[in-house]
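Everything on this sheet refers to the single structure shown next.
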Amino acid sequence: MNLTRNERLDRLPLTSKHKRLLGGSGIGWALDAMDVGLISFVMAALATHWSLSPTEASLLGSIGFVGMALGASFGGLLADRFGRRHVFALSLLVYGLATGASALSVSLIMLMALRFIVGLGLGAELPVASTLISEFSPRRIRGRMVVLLEAFWAVGWILAAVIGTFVVTTSDNGWRWALALGCVPAAYAVYVRIGLPESVRFLERNGRHDEAERIVASFEDAALREGKQLDDAPAEAPVDVLRGVDGDRVSIWSAPLRRRTTALWIVWFCINLSYYGAFIWIPSLLVADGFTLVKSFQFTLIITLAQLPGYAVAAWLIEKWGRRITLAVFLAGSAVSAIFYGLAGVEWQILVAGCLLSFFNLGAWGALYAIGPELYPTNVRGTGTGAAAGFGRIASIIAPLIVPPIVSLGGPIMLFSVFSAAFAIAAIAAFTLPEQKGKILAD
């Protein structure tokens, strides 16, 4: 039986090599989340220590997302041109060094400039990592593997909340020590470059067949050494509108891909607007409501912990219900939770509503990252996921900026009503995406 290399990868059981790939990529993902999460605590601290105005705090929160928008768009293009692993490692190096340097900032302008560079690295890394995991995962658990990768985001955000609670609040320079910890990804980039395999699909498209064969054989050898059974049955070809399309000439806006690209961009835009608008500002909003800096950070830490079960449930449902329904349900749950948070008036309501918002919102993120790479053929997979992420980052740029004026106009109720509406629009768009559960990734 002559199977292609990608069919051989699809028939594999879960092996230690898959786990190492997931862990290696996931640690980079968690470090990303830690960096993004830290800025919400730094904003709240600098509002006190540097007397930042709401507008200045908004600009500090947004500038990193400007870099992320550019990084996501160009990172995907570079990954399709030079390889997933190289771009992944380079992005970690860029944002790790820039984050460490930002700890030495002596002015808001200097800090914002470095945060922009941090964003370039962060934006490039996220879609590249999800594409790499998606292309290596066995077909029957591909969605679950990508959701588990995204679950590392919760780990990183929890680390940010812990650092914010126990480091940022220790002194006037606590925020500097917190940012100094961001140098860790620079060292980790060395491991990524050496320890992770390159995408087999990318290698094949670039004529590097011997290297591709060695990688596939190493995964098969790992399964045999661990006494796990290979599935000898050939995988069924998916029924997909991409069949018959010239793969070398297709773009993400070609007729077979136009509808899914549009829907994916809508989901990315709306979920970015609501997530970053809410979670970047929650510590500062709590302080504005009269909570101490320490207590607001403690509340944020508790709310952040609810991200983990959200990912766990999404990882289970995505192979039970499918990608589309899981994504839509978690987005709808996010919409309801956002309204609940806006109406919350006492401490227990804030905590419960915040935890529900964390649970549903991050579960939706996991499903979104799972479905994105499955929508595109190999030669534009990085481009498609990166472009969607880049478009979504436009919303993440806008989100921190719109919070102060909306709060001034209508308070938390109006603010979280806007976020709820965005989640609802994203849920509707998610229903128009094709269901990719169990399908072979298109070449």
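The values are calculated or read from the model by the stated rules, or taken from the named source; none is laboratory data. Being a predicted model, the structure only gives us computed values, none of them experimental. Every residue, glycine as well, gets a Cβ built from its backbone with ideal geometry; the counts of neighbours run over all protein chains shown. All accessible areas refer to the heavy atoms of the entire protein, side chains included, with ligands and DNA or RNA removed. Shrake-Rupley method; radii C 1.70, N 1.55, O 1.52, S 1.80 Å.
Tally time: how many residues in the stretch 269-278 are of a type outside the set (A, V, I, L, M) and open to solvent by 10 Å² or more (accessible area, probe 1.4 Å)?
So the count comes out to 2.
When residues of the stretch 391-414 are filtered for being in contact with a Ser or Thr (Cβ under 7 Å, 6 or more places away or on another chain) and open to solvent by 10 Å² or more (accessible area, probe 1.4 Å), how many remain?
3
ALA288 fails exactly one of the following numbered conditions: (1) modelled with pLDDT of 85 or more; (2) open to solvent by 10 Å² or more (accessible area, probe 1.4 Å). What is the number of that condition?
Condition (1) is where ALA288 drops out.
Would you confirm whether any residue within the stretch 131-139 is more than 29 Å from PRO197 (Cβ to Cβ) and of a type outside the set (Phe, Trp, Tyr)?
no
Would you point out the residue of the stretch 370-390, among those that are open to solvent by 10 Å² or more (accessible area, probe 1.4 Å) and of a type in the set (A, V, I, L, M), that is farthest from THR432 (Cα to Cα)?
Among those that are open to solvent by 10 Å² or more (accessible area, probe 1.4 Å) and of a type in the set (A, V, I, L, M), it is VAL380.
Only one of these is at pLDDT 90 or above, hydrophobic (A, V, I, L, M, F, W, C) and within 22 Å of the chain's Cα centre (by Cα): LEU317, LEU362. Name it.
The unique qualifying residue is LEU317.
If you go through the stretch 424-434 one residue at a time, do you hit one that is open to solvent by less than 10 Å² (accessible area, probe 1.4 Å), within 24 Å of MET145 (Cβ to Cβ) and not in a helix (DSSP H, G or I)?
Scanning the stretch 424-434, I find at least one residue that is open to solvent by less than 10 Å² (accessible area, probe 1.4 Å), within 24 Å of MET145 (Cβ to Cβ) and not in a helix (DSSP H, G or I), so the answer is yes.
Which one of ILE117, ILE109, ILE141 is free of Cβ contacts under 8 Å to residues at least 40 places away in the same chain, part of a helix (DSSP H, G or I) and surrounded by fewer than 24 Cβ atoms within 10 Å (Cβ to Cβ)?
None of the other options fit; the residue is ILE109.
May I ask you to list the residues in the stretch 1-25 that are modelled with pLDDT of 85 or more and open to solvent by less than 10 Å² (accessible area, probe 1.4 Å)?
LEU9, LEU12, THR15, HIS18, LEU21
Confirm whether ALA367 is in contact (Cβ under 8 Å) with a residue 40 or more places away in the chain and either open to solvent by less than 10 Å² (accessible area, probe 1.4 Å) or in contact with a Cys (Cβ under 6 Å, 6 or more places away or on another chain) (or both).
The answer is yes for ALA367.
Could you list, in sequence order, the residues of the stretch 165-194 that are modelled with pLDDT under 85, outside any loop (DSSP other than H, G, I, E, B) and open to solvent by 40 Å² or more (accessible area, probe 1.4 Å)?
If the condition is that a residue be modelled with pLDDT under 85, outside any loop (DSSP other than H, G, I, E, B) and open to solvent by 40 Å² or more (accessible area, probe 1.4 Å), then THR169, THR170, LEU181, CYS183, VAL184, ALA187, VAL190, TYR191, ARG193, ILE194 are the ones that fit.
If you go through the stretch 399-408 one residue at a time, do you hit one that is over 28 Å from SER73 (Cβ atoms), small (Gly, Ala, Ser), part of a helix (DSSP H, G or I) and at pLDDT 85 or above?
yes
Checking SER417 against (1) over 15 Å from LEU126 (Cβ atoms); (2) open to solvent by less than 10 Å² (accessible area, probe 1.4 Å); (3) among the polar types (S, T, N, Q), which single condition isn't satisfied?
For SER417, the exception is condition (2).
State which residue is modelled with the highest pLDDT when the search covers only the stretch 220-246 and only residues that are within 25 Å of ARG81 (Cβ to Cβ) and either open to solvent by less than 70 Å² (accessible area, probe 1.4 Å) or touching a helix residue (DSSP H, G or I) at 6+ places or on another chain (Cβ under 9 Å) (or both).
The selected residue is LEU242.
Please state which of the following conditions ALA332 fails to meet, knowing it meets all the rest: (1) without any contact (Cβ under 8 Å) to a residue 24 or more places away in the chain; (2) open to solvent by 10 Å² or more (accessible area, probe 1.4 Å); (3) assigned to a helix (DSSP H, G or I); (4) closer than 30 Å to LEU59 by Cα.
It fails just one condition, (1).
For the stretch 120-138, which residues satisfy the criterion of being in a helix (DSSP H, G or I) and among the polar types (S, T, N, Q)?
Correct list: SER130, THR131, SER134.
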